[in-house]
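*Asks:* Before anything else, here's the structure in question.
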Amino acid sequence: MLPGMAGKARIAIVGAGNLGAALTVSLHQAGYVIEAIVTRAALKSLRRARKLATEVGSRAVIRAKGVKAEVIWFCVPDAEIASAVRGLAEQIKWEGRTALHSSGALSSDELAGLRERGAAVASVHPLMTFVRGSRPALAGVPFAIEGDGKAVRIAQRVVNDMGGQSYSIRKEDKVAYHAWGTFVSPLFTALLATAEQVAGLAGVKPKAAKRRMIPILLQTLANYAAFEAKDAFSGPIIRGDVDTVKRHLQVLRGARAASEVYRALARAALLYLPAKNKDALRKVLGRRPR
């Protein structure tokens with residue numbers, strides 16, 4: 001038994017993907033017993049689950065019969081939650097247990113079938129990105145939580161034990177919340193990929209562009225962390241430099257998708273950030289590429 005583990009619920013994780021792996025390791029480090037990693041029978045999934053189980057002193061199982069964990073945490077893609085719930089509904093006695101899922105967009109009602117069987121349910125979503133080859137720590141990460149009172153209280157304690165920051169969210173706000181998160185990471189990554197394409201117009205190859213962008217990206221994030229967005233904003237738009245924006249748009253005719261991104265972000269800047277010559281800039285940005 002790990003130090004400080006007394007009184008902590010045993011947990012079973014359903015799914016050993018990127019999020020599930022990061023969550024499992026963080027829970028283990030926080031002193032929780034991971035009783036089982038429940039996975040699909042596909043060989044790749046089983047291998048991944050077994051490797052993760054070995055890392056945290058657990059076991060990988062295809063069927064959940066015999067699992068005694070008080071908390072069952074679903075860490076599968078949104079489209080697979082319903083089928084995972086159906087698959088485990090008959091395998092576990094749900095009375096008195098807690099079922100959680102980590103979808104950002106879906107509410108705790110995705111687990112309604114388990115609620116009907118006696119489980120307390122909640123959705124618990126970390127505002128963090130999980131990709132292959134990276135396993136971010138969850139200390140300091142905000143977790144949006146909603147659901148049944150008992151499940152919410154348990155989830156809050158677990159998140160706090162991991163060093164995360166739990167806060168409440170309404171069911172009806174989850175889709176907007178997830179859209180926000182999509183702007184923060186996936187679409188931000190898409191912006192960086194677009195920037196690499198624009199670098200190509202300047203004769204810079206993607207790998208070199210990435211390397212050369214890192215310092216300004218890090219400083220931009222540092223500025224955003226230290227100041228309000230309006231005080232972290234720089235460049236031709238805040239100066240109202242219409243001629244430079246015109247030249248940008250002219251060269252971006254060679255990258256139509258990048259031109260569309262530029263126009264959309266520039267228009268957003270005119271809405272939300274300080275800028276001079278706004279009317280002139282709006283007129284320039286309103287022109288569509290021929």
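None of the figures in this text is laboratory data; all of them are computed from the coordinates on show. No experiment lies behind these values; they were computed from the predicted model shown. Using ideal geometry, Cβ is built from the backbone for each residue, glycine included, and neighbour counts are taken over all protein chains shown.
*Asks:* Thinking of the range 85-187 as a set of Cα atoms, what percent of all their pairs are more than 16 Å apart?
*Replies:* 58 percent
*Asks:* Hey, could you get me the Stokes-Einstein D for the chain, Kirkwood radius over alpha-carbon pairs, 4 °C and 1.567 mPa s, rounded to whole µm² s⁻¹? Intermediate results must be reported in sequence, preceding the final value.
*Replies:* Details: Rh = 21.7 Å.
Diffusion coefficient, whole number: 60 µm²/s.
*Asks:* Can you pull the semi-axes for the range 185-285, root of five times each eigenvalue of the Cα gyration tensor, sorted largest first, whole Å?
*Replies:* Equivalent ellipsoid of the range 185-285: 21, 19, 11 Å, largest first.
*Asks:* Provide the FRET efficiency to the nearest 0.05 for the ARG157-PHE183 pair, computing r from the beta carbons and using R0 = 30 Å.
*Replies:* The value I calculate is 0.50.
*Asks:* Filter LYS210/LYS246; LYS51/LYS171; LYS207/LYS276; LYS8/LYS65 down to the pairs with a C-alpha to C-alpha distance above 32 Å, please.
*Replies:* LYS51/LYS171; LYS207/LYS276
*Asks:* Another question, if that's okay. Taking only the C-alpha atoms, wrap a convex hull around the range 233-290 and report its volume per residue in Å³ as a whole number.
*Replies:* 70 Å³
*Asks:* Would you mind computing, in nm to one decimal, how far apart the modelled labels at ARG267 and LYS246 are, each placed 7 Å from Cα along Cα→Cβ?
*Replies:* Taking the two extended label points, one gets 2.1 nm.
*Asks:* For the range 1-105, what is Rg from Cα atoms divided by 2.2 N^0.38 Å, rounded to two decimals?
*Replies:* 0.99
*Asks:* What net charge do the residues around GLY57 carry, taking every other residue with its C-beta under 15 Å from that of GLY57, with Lys and Arg at +1 and Asp and Glu at -1?
*Replies:* Net charge in that neighbourhood comes out at +3.
*Asks:* Compute the helix-to-body angle for 256-272: its Cα long axis versus the longest principal axis of the chain, expressed 0 to 90° and rounded to tens.
*Replies:* The answer is roughly 90 degrees.
*Asks:* While we're on this one: Starting from 0.36 nm per residue, how many nanometres of slack lie between ALA255 and GLN165 once their C-alpha separation is accounted for?
*Replies:* Extending this stretch completely gives an extra 28.3 nm.
*Asks:* Next up: To check you understand DSSP bridge types, tell me what percent of the beta bridges within the chain (both residues inside) are antiparallel, rounded to 5.
*Replies:* Percentage antiparallel, nearest 5: 20.
*Asks:* Once the piece of chain linking ASP231 and SER83 is laid out straight, how much longer is it, given 0.36 nm per residue of separation minus the C-alpha distance between them?
*Replies:* Stretched fully, the ASP231-SER83 segment lengthens by 48.5 nm.
*Asks:* Nearest-5 percent of antiparallel DSSP beta bridges in the range 11-173?
*Replies:* So the antiparallel bridges amount to about 20 percent of the total.
*Asks:* Ok, one more. In nm, what is the difference between 0.36 nm times the number of residues separating ASP279 and LEU43 and their Cα-Cα distance?
*Replies:* Going from the current span to full extension adds 79.0 nm.
*Asks:* May I ask for the distance between the Cα centers of the range 1-60 and the range 71-135, given as a whole number of Å?
*Replies:* Here the two parts' Cα centres lie 15 Å apart.
*Asks:* Let me ask you something else. Quick one: divide the alpha-carbon radius of gyration of the range 11-173 by 2.2 N^0.38 Å and tell me what you get.
*Replies:* In units of the 2.2 N^0.38 Å rule of thumb, it is 0.93.
*Asks:* For a footprinting-style exposure proxy, rank SER259, SER134 by other Cβ within 10 Å, fewest first.
*Replies:* Fewest to most other Cβ atoms nearby, the residues stand as SER134, SER259.
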